[in-house]
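Each value in this text was obtained by applying a stated rule to the coordinates, not by laboratory testing. Predicted model only: the values in this text are computed from it and were never measured. Here the Cβ positions follow ideal geometry from the backbone for every residue, glycine too, while neighbour counts run over all protein chains shown.
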Amino acid sequence: MNTIIMTGGTFGLGEATAKQLNASPDIQLIIGGRETRLPLELASLDSIRQFARQVLDTLSTTKINALVLNAGLSFPTAARSVDGYETTFAVNHLGHYLLLRLLAPSLARNAIVVMTTSNTHDPMFSPVAPYRFVDAYQLADMDLEKGAFGSVTFESGFRAYATSKLCNLLTARAFAASSEAKARRLRVIAYNPGYIPGTGLGRNLPAEALPEPALALNSDVTETMRMQAGEVLADLALGRIVPPTGHLYASLVRGKLTWPEPSELGLREDVAQQLWRDSAVLTGMGCD
Ligand SMILES: NC(=O)c1ccc[n+]([C@@H]2O[C@H](COP(=O)([O-])OP(=O)(O)OC[C@H]3O[C@@H](n4cnc5c(N)ncnc54)[C@H](OP(=O)(O)O)[C@@H]3O)[C@@H](O)[C@H]2O)c1
């Protein structure tokens, strides 16, 4: 039995991943979401701790073969998480960081961890570049700018989103470099599923802010993109796609998966380690 724990498996590309995984009789898939059997609200550190406890109780001595950290949001309607942090940073980065820390001791030898990032982490590919710094305290404290109608402005919301995706990539790198990951020969992957219009991610985005190509694509095309991105995520989690030696960043663009270098900031080991340590403080976790 292959045991897989997943976030963001209820909607969008993650739903396609979950469907793929559930189709296999030898996979035990546990999904954490706001309306799942084991509830998980990533905007609450308490909820994450409770979810992790329930997962570990359910598994008993069974080890986790894959951890898929795929949930994400952009342009939050609630400015702050339950713990008072900027919501994009809290849900996309801090929540997943804490879940990773809590479940890591239960990962099997050779287990796989996939974090869904985005090529928007890289200023070369993002309509709005991420911040040029990665300071967890500042990002957690950030106030996103509101526009005329009270919603988060495109610039401010997108910058926070792109930065949170940079944090996912850096977290994957820091975890891959940890003694914990090395000792158990864990495989860590940061996955960019590429731009997929029509998922729930843009639900709070004003229609006029959608990039032109999104409007031109018909629903059959976007559904194919969603299914493909979901299936690639399932293949990564199952070890059917293996990273080339020394590569951790998998990027699906126009149907093709490559293993490019992340952005300059995404490659900085010191930044990854600092983010790891600061996130430990913000989530009340210890750090070696
Ligand atoms: N779509 C794209 O173009 C694109 C491009 C690059 C990267 N990505 C990344 O791909 C991942 C999936 O995106 P998507 O487009 O499939 O988005 P989506 O359709 O909006 O799905 C988001 C998923 O995240 C979960 N989620 C959101 N907020 C949560 C919270 N506070 N607590 C627990 N779960 C929460 C949702 O679960 P609920 O059922 O609880 O709402 C849902 O399952 C994200 O990490 C995103 O950043 C997407």
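Cross-link partners of residue 182 among lysines, defined as those whose alpha carbon lies under 19 angstrom from its own and excluding same-chain residues fewer than eight positions apart: 63.
For segment 2-282, what does the alpha-carbon gyration tensor say about shape, rounded, prolate or oblate, given a ≥ b ≥ c as the root eigenvalues, a/c under 1.5 as rounded, and a/b over b/c as prolate? Judged from the Cα gyration tensor, segment 2-282 comes out rounded (a/c under 1.5).
With the contact rule set at Cα under 8 Å and sequence spacing of 6 or more, what percent relative contact order holds for the chain? Once divided by the residue count of the chain, the mean separation gives 21 percent. Counting neighbouring Cβ atoms within 10 Å and putting the fewest first, the residues 252, 205 line up as 205, 252. In the chain, helical runs assigned H by DSSP with n ≥ 4 each contribute -39500 (n - 2.57); averaged across all residues and rounded to the nearest 500, the mean residue ellipticity at 222 nm is -11500 deg cm²/dmol.
Filter the chain for me: DSSP H helices, axial length by Cα at least 24 angstrom, mean Kyte-Doolittle hydropathy not below 0.5. List them by residue number.
none
If you run the Gaussian network model on the chain, springs between alpha carbon atoms under 10 Å, then out of 124, 115, 227 the most flexible one is 124. Annotation: aspartates and glutamates with alpha-carbon distance below 13 angstrom to residue 19 (same-chain offsets under eight excluded): 231, 235. Straight-line cross-link partners of residue 146 among the aspartates and glutamates, defined as a Cα under 20 Å from its Cα and at least 8 positions apart when in the same chain: 86, 155, 208.
Loop sites here are GluC sites (Glu not before Pro) outside DSSP states H, G, I, E and B with no more than 15 other Cβ atoms within 10 Å. The longest part of the chain free of them is 146-263.
Taking the Cα atoms of segment 131-288, the ratio Rg/Rh between the radius of gyration and the Kirkwood radius comes to 0.99. Sorted fewest first by neighbouring Cβ atoms within 10 angstrom, 268, 240 come out as 240, 268.
Computed over the alpha carbons of segment 69-181, Rg followed by Dmax gives 14.7, 52 Å. Note on residue 78/residue 19: beta-carbon distance plugged into 1/(1 + (r/R0)^6) with R0 of 35 Å gives a FRET efficiency of 0.75.
In which sequence would 158, 125 go, from the one with the fewest C-beta neighbours within 10 Å to the one with the most?
125, 158
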